[in-house]
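First comes the structure, then the notes that go with it.
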Amino acid sequence: MKSILTLLFIIGCASLSAQNQVADEILSTWTKHTEMNHLILNYIQETNLKDVTDTSSRNIGDQFAHMLNVRLMWLQSSPGVDKLDNEIDSKESQNKDYLMSQLKASDEFVGRILKEAHETDSHIGKMSAIRFMSYLISHESHTRGQIVLALKNSGHPLPPNIGYGIWSW
């Protein structure tokens, strides 16, 4: 009986260790993704936040605002979300320091929500933590692509160390 209990204890510990490794990978992946957003925003001159791909598209500042607004749209009922700006307007979207401060605060908030959702096996909307993170990464990567295209079309292309840097995972 003692050996069975010992075996069950070992299996339980291994399971917890595997779950912790997955949680660590989720947070590591989210952190790396957010670093790519920071890399681009840090490079952009504030005057270039007005750059657009074409006359019917959002400007770069509004693209970053959209990214942030979509994050918080999904998390509007989460405790603590009221400390973040959940509707960045067109004036705020042209202030690089403001965008960066909101981006970093939102990065941390989303990371905490992902960790909690994974650890408690709860959902964000109808999505698991991993699916929600994948959705955000997919959406934000698409938005980053639009930002890069707007910079290029406006005569302000990313230098190679930034353009290729976003692929340094």
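Derivation of every value follows stated rules applied to the coordinates shown; laboratory data play no part. Quick caveat, the model's predicted, so the values are computed rather than measured. With ideal geometry, Cβ positions are generated from the backbone for all residues, glycine too; neighbour counts draw on all protein chains shown.
Multiplying the residue separation of residue 139 and residue 164 by 0.36 nm and subtracting their alpha-carbon distance yields 7.1 nm.
Put the Cα centre of the stretch 139-162 next to the Cα centre of the stretch 33-49 and the gap is 9 Å.
Across the stretch 154-161, computed HN-Hα scalar couplings (Karplus, 6.51 cos²θ - 1.76 cosθ + 1.60, θ = phi - 60°) run 8, x, 10, x, 5, x, x, 5 Hz from first to last residue, x flagging Gly and Pro. Please check which bits of the stretch 31-55 a label hung off residue 100 would reach, taking the label as a point 7 Å along Cα-to-C-beta and the cut-off as backbone N under 11 Å. Residues 38-46 fall inside that zone. With contributions of -39500 (n - 2.57) from each DSSP H run of at least four residues, the per-residue ellipticity at 222 nm computed over the chain stands at -23000 deg cm²/dmol. Less than 5 angstrom separates the built amide H of residue 57 from none of the residues sequence-distant by 5 or more or on a different chain. Basic side chains Lys and Arg get +1 at the Cβ, acidic Asp and Glu get -1 at the Cβ, and with that the dipole of the chain about its Cα centre reaches some 340 debye. A Förster distance of 35 Å, applied to the separation of the beta-carbon atoms of residue 154 and residue 20, puts the FRET efficiency at 0.20. The 3J(HN,Hα) values that the Karplus relation (6.51, -1.76, 1.60; θ = phi - 60°) gives for the stretch 92-107 are, in residue order, 4, 5, 9, 9, 4, 4, 5, 4, 5, 5, 5, 4, 5, 5, 5, 3 Hz. Gly and Pro appear as x. Taking mean projected area of the Cα convex hull in nm² as calculated from this structure, the corresponding entry among (i) 11.8; (ii) 12.3; (iii) 13.1 is (i). Under 22 Å of direct C-alpha separation, and excluding same-chain neighbours fewer than eight residues apart, residue 83 reaches these lysines: 91, 96, 104, 115.
Counted by Cβ distance under 13 Å from residue 162, the other residues give a net charge of +1, where Lys and Arg count +1 and Asp and Glu count -1. Between the listed residues 53, 37, 120, the Cα displaced farthest toward the positive end of the dipole of the chain, a dipole computed from Cβ unit charges relative to the Cα centre, is found at 120.
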